[in-house]
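Structure first, commentary second.
The values are calculated or read from the model by the stated rules, or taken from the named source; none is laboratory data. Note that this is a predicted model, so its numbers are computed, not measured. In case anyone asks, the SASA skips ligands and DNA or RNA and just uses the protein heavy atoms, side chains included. Shrake-Rupley method; radii C 1.70, N 1.55, O 1.52, S 1.80 Å.
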Amino acid sequence: KKSYFIIVSLLTMIMLTGCLNLSGEEGVSELRIAHNQTLDHPVHLSLVEFSRLVEENSNGNIKVKIFPNAQLGSEREVLELTQSGAVDIAKVSASALEGFEPDYSIFSLPYLFEDYEQFEQAMNNETITDHLYFKTEDIGIIGLTYYNAGVRNLYTKDREVTTVEDMKGLKVRVQPSQTSVGMINALGGLPTAMAYGEVYTALQAGVIDAAENNETALVGNNHGEVAKYYMYTGHQIVPDMLIMNANRFNNFSEEEKLIVQEAAKASTVYHEDVWAETIERQTDIAKNDMGVQFIEVDKQSFIDAVQPMHKKYAEAEKTKDIYHLIKENIGND
Ligand code: GCU
C-alpha cells in the first residue's frame with residue numbers, strides 16, 4: 001500500500017514537472033526514462049551515454065532524466081506507464097514485452113539462437129528490427145534500439161545441475177513471460193513467474209530454489225550471496241529493448257526523431273564494450289569473492305527437451321511469421 005502511494009505521488013510529481021516544463025526554458029523538452037537496473041549496470045551507463053548524445057545533438061533542447069532501480073515500478077508497470085505516456089522511454093526485457101505483443105515471445109524461446117553471433121545477426125538486421133520496433137505502434141509504443149543482455153544461465157541456491165534430469169522438481173523463477181514458464185515446464189522444473197526485484201528475497205526465503213539470468217544478477221543484484229551454483233545452460237539470449245511512447249516520438253520533428261534514434265543506436269554500440277568488461281569483472285568477483293561455482297552442463301540434453309516448443313512456435317498462428325523471419329535471416333530455417 002505504502003509503496004503504491006509513493007509511486008503514485010512520484011508519478012503525479014513527474015507528470016506535473018513534465019507539463020510545467022520545470023527546465024523553465026522555452027522550447028526545452030524533457031524525456032523521462034525508467035529502468036530496473038542499478039547505477040553501475042551497463043544498461044544505466046549506456047542510457048547515460050544516450051542522454052549525453054541527445055542533449056548534445058539537440059543543443060540542449062531535449063533533456064533526459066533517468067529513473068533507475070525500478071523506482072517507477074517493475075518492468076510490467078513501466079511498460080504500462082510508457083504506453084500511457086507517464087514515462088517517455090523505458091528499458092525492459094523483450095520477455096516483459098511478450099504480454100503486450102506476441103512477436104516478442106520469440107526471444108524467450110529457448111535455444112532460438114545457437115550462439116551469440118546469431119543473436120547479433122538478428123538484432124542488426126533491419127528487416128527484423130523495423131518489423132518489431134513499429135509492430136507495437138498501435139498499442140502506444142515503438143522500439144528505439146536493443147541492448148545486449150547476455151546469455152541466460154541457470155543458478156541455484158544449493159544444487160548442482162549437470163543434465164536436464166537434474167531439473168526435476170526444481171522451483172525456478174522466470175520472467176513474467178508465458179514462453180519462459182513453458183521453457184521450465186519443458187525442462188521438468190517448476191516455474192514461478194515474478195518481477196526481478198523480488199528474486200533475491202524469494203531465493204533467500206526458499207520460495208524458489210533457482211533463477212536464471214546473465215552474470216550481472218550474481219554481483220550487481222547480489223544474488224551470488226544466496227545462490228552458489230551457476231550453470232552454463234545458455235538457454236536464452238533475450239535482448240533488452242529500449243522503447244518509447246509512440247505519440248511522444250511522433251510529435252517530434254523529423255530532425256528530433258533522428259537525433260533520438262541515432263543516439264539510441266550509438267548507445268547500443270557503446271553498450272557492447274561496457275557489457276563485455278562488466279561480465280568479465282563480475283564473473284571474477286562472483287568466483288573469487290562470493291564463492292560461486294561456475295559449472296558446464298550437458299547442454300544437448302536441455303536442447304533436446306525443448307524441441308517440441310520449437311515445433312509449436314514454428315507452426316502456431318501467433319508466432320510462425322516471426323519464428324521464420326528470424327530463422328531465415330540468420331540462415332537457419
Ligand atoms: C535481465 C534483464 C532485465 C530483466 C531481468 C529479469 O537482467 O536485463 O531487464 O528484468 O533480466 O530476469 O527480470
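Details
- With all protein chains in place and a 1.4 Å probe, the accessible surface of the chain carries 51 percent carbon and sulfur.
- Using θ = phi - 60° in the Karplus curve 6.51 cos²θ - 1.76 cosθ + 1.60, the 3J(HN,Hα) couplings for the range 157-171 round to 6, 8, 10, 7, 10, 10, 9, 4, 4, 6, 7, 3, x, 6, 8 Hz; x is entered for Gly and Pro.
- Computed from backbone phi with θ = phi - 60° and the Karplus coefficients 6.51, -1.76 and 1.60, the 3J(HN,Hα) list for the range 63-71 is 9, 10, 10, 9, 10, x, 6, 6, 3 Hz; x is used for glycine and proline.
- Between 0 and 90°, nearest 10: helix 254-288 axis offset from the chain longest Cα axis: 40 degrees
- Going by accessible surface with a 1.4 Å probe and the largest first, Y270, Y229 read Y270, Y229.
- Candidate lysines for bridging to K299, where Cα separation is under 22 Å - those fewer than 8 sequence places away on the same chain excluded: K157, K168, K171, K228, K287, K311, K312, K327
- Cut-off under 5 Å, modelled amide H: who pairs with V174 long-range: T192, A193, M194
- Residue-level accessible surface for S46, protein heavy atoms, 1.4 Å, Å²: 0 Å²
- Along the range 28-39 the Karplus relation, 6.51 cos²θ - 1.76 cosθ + 1.60 evaluated at θ = phi - 60°, assigns HN-Hα couplings of 9, 10, 10, 9, 9, 10, 10, 8, 10, 9, 7, 5 Hz to successive residues, with x for each Gly and Pro.
- For the range 269-333, the fraction of alpha-carbon pairs in successive 10 Å shells from zero, as %: 17, 23, 27, 28, 5
- Kirkwood Rh in Å, taken over all unlike Cα pairs in the range 96-238: 15.9 Å
- Reciprocal of mean inverse Cα separation for the range 114-170 (Kirkwood radius, Å): 14.6 Å
- 0 to 90° range, to nearest 10: angle between helix 320-329 axis and the chain longest Cα axis: 90 degrees
- Å² of accessible area per residue within the range 203-333, as computed with a 1.4 Å probe and no ligands counted: 46 Å²
- According to the Kirkwood relation over distinct C-alpha pairs, the hydrodynamic radius of the range 38-179 is 17.4 Å.
- q = 0.11, 0.14 Å⁻¹, the chain: log10 I(q)/I(0) [Debye, one scatterer per Cα]: -0.71, -1.14
- Debye intensity ratio I(q)/I(0), log10, the range 189-333, q values 0.20 Å⁻¹ (C-alpha model): -1.26
- Contact order, relative form, for the chain: 23 percent (alpha carbon pairs under 8 Å, 6 or more residues apart, mean separation divided by residue count).
- The equivalent ellipsoid that matches the C-alpha gyration tensor of the range 156-266 spans semi-axes of 36, 15, 13 angstrom, in descending order.
- Bridge type composition, the chain - antiparallel percent by DSSP, nearest 5: 55 percent
- Placing F107, F134, F100 in order of accessible area, with the largest value first and a 1.4 Å probe, yields F134, F100, F107.
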